[in-house]
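Structure first, commentary second.
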Amino acid sequence: MASPRLDKLPDELIVELARYLWLGDMSHLARVNRWLYQILDPILYLMDAKPYNQYALFWAAKHNLLTVAERALRAGTPVQPHSGVPSPLRPFGRILTGQELKAATKFSNFSRRTTPLDIVAGAGHCAIAALLLRDPRLIRSFDVELAIHSAAANDREEMVDMLLWHVEQVHKECMSHMIGCSFTGAGLHQSVAVLKLLVENGTRLAFISRERYSLYQMNYAGTGHDELWDLFSSIRPLELVPDHRIQRQDLRSNLTARVTGKGSRGIVELVETFTRLGFDWMCKGELAWMLRMALRRQRSPHGALTQLLV
């Protein structure tokens, strides 16, 4: 007696059998023929939506797969995952190696849990970010903050703009903090496009205090980023902090910052500005230290520096 054909079995029996298979095995079966695919494919997403599985949305976020993200959300996958490290069994064929799983879930050197929104923000996948932000299951402001930091650190100005617009609409009370987070992420990584986006928007720039703005401005001069010094100076001239003790502390913080640029003109102009504004720098020598640091750089205008040091 011939065995019954697989496609003659009731759909309910196929579904029951699939419950005992790993997601990779289910996916392999689903690719055998269209009939099995139509039965099993929806189950892949339903199973993936369970706590601590949730790989489909992470996979879609990494690879910019909008349709996969839409299906995962429709199947019930939460926008805010239960776990920062999803199951290594993804719903498209095989078990990931340890190295692949680490690469798929570690998208930032910022020590915290990774989310799909964080992944798409750092990668600049705007369509999936918009999909996640529109989800009726509200995303916490903390998750948006992490995403803003990732986007700013990776110089994704369009993404930063989208996330800040979302904050303005949904978490307006957090706007000042989120703007500061954008400045921090962009500043740490010298993300020129994001910084330009922030400082050229007067409404958003208003959330940054003059003291903090000046601190960023001095930092870019001290770390050799003349283009950022020029950008900040063109928007708002450098201002002194009334308390010279605090001013010296700010200068010292710049002296200990890691020099990542090759410029020295910003340092010279910073010293000239401080001298013109009446800052008494000779007694402590913070600015003299900055000038000597500039002298050690290849492109330093030695004549101007030497004259200032005399």
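For segment 146-180, a tally of residues being on the phi > 0 side of the Ramachandran plot and over 16 Å from the mean Cα position of the chain (by Cα) returns 0. Condition test on Ser141, is it at pLDDT 90 or above and closer than 29 Å to Ala60 by Cα? Against the criterion (at pLDDT 90 or above and closer than 29 Å to Ala60 by Cα), Ser141 does not qualify.
Yes/no per residue for (1) of a type in the set (Asp, Glu); (2) surrounded by 21 or more Cβ atoms within 10 Å (Cβ to Cβ); (3) at pLDDT 60 or above:
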position	(1), (2), (3)
Leu57	no, yes, yes
Thr67	no, no, yes
Glu70	yes, no, yes
Ala75	no, no, yes
Gly84	no, no, no
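Considering segment 259-278, the residues that are among the β-branched types (Val, Ile, Thr) and under 13 Å from Gln217 (Cα atoms) include one that is surrounded by the most Cβ atoms within 10 Å (Cβ to Cβ), namely Ile267. Across segment 185-194, the qualifying residues are those that are assigned to a helix (DSSP H, G or I) and at pLDDT below 85, and the one among them that is surrounded by the most Cβ atoms within 10 Å (Cβ to Cβ) is Gly187.
The values are calculated or read from the model by the stated rules, or taken from the named source; none is laboratory data. This structure is a prediction, so every number in the text was calculated from the model and none was measured. Ideal geometry is used to build each Cβ from the backbone, glycine not excepted, and the neighbour counts take in all protein chains shown.
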